[in-house]
Amino acid sequence: RGQKSTSKGWKRLKGKNYMSTPMTYDEKLAFLRRYRDAQRTMRRCMEELEQLRSEAASVSQALSGMPSGGGDGQAIPRAVERIDDAESRLVSAYGAALSELNRVKTAIDTVPDPLRLDILTRRYILGQRWERIAADLDRDLRWVLRLHHRAVDELTIESH
């Protein structure tokens, strides 16, 4: 219900296109792990940008002091150019990572059962360990793992 088949194996569900060829369980797990990978990428981009800005500040401080010889006078423009290049590269990487975060969140939100959705959110969005999830839900670890497997099977992952 709510599905229409379209050409080339695509299905239309709630106004979005989905590939009708199902992903395997392992492919879905790999997809879910992209969230943490994307978070690491975003963090790395921010750290690299801060480091470049710090280096540029030290270059400008060194050049604003007493006159000295030997330089071509282009240290600041080169530092600014490096920062601009890195900034555009990092903004692009950050945007791609943010897009991955949104794709994973959207896929997790397709799980209709609130408890299964909670397990996926705790594991892949919050990065919690299995033992903590089981303890927080006051459930047996094996029960949580079984429910996790079912939740992954229920995922609907939007194609690009």
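Every number in this text was worked out from the coordinates using simple rules, so none of it is lab data. Values in this document were obtained by computation on a predicted structure and should not be read as measured data. Every residue, glycine among them, receives a Cβ derived from its backbone with ideal geometry; neighbour counts consider all protein chains shown.
A few points about this structure:
- Virtual spin-label span in nm between LEU145 and ALA57, 7 Å along Cα→Cβ: 4.9
- Modelled this way, with points 7 Å down the Cα-to-C-beta line, the labels at LEU115 and GLN39 are 2.5 nm from one another.
- Given charges at beta-carbon only (K, R positive; D, E negative), |dipole| of the range 95-160 in Debye: 200
- FRET efficiency, SER99 to GLU48 (Cβ-Cβ, R0 22 Å, nearest 0.05): 0.70
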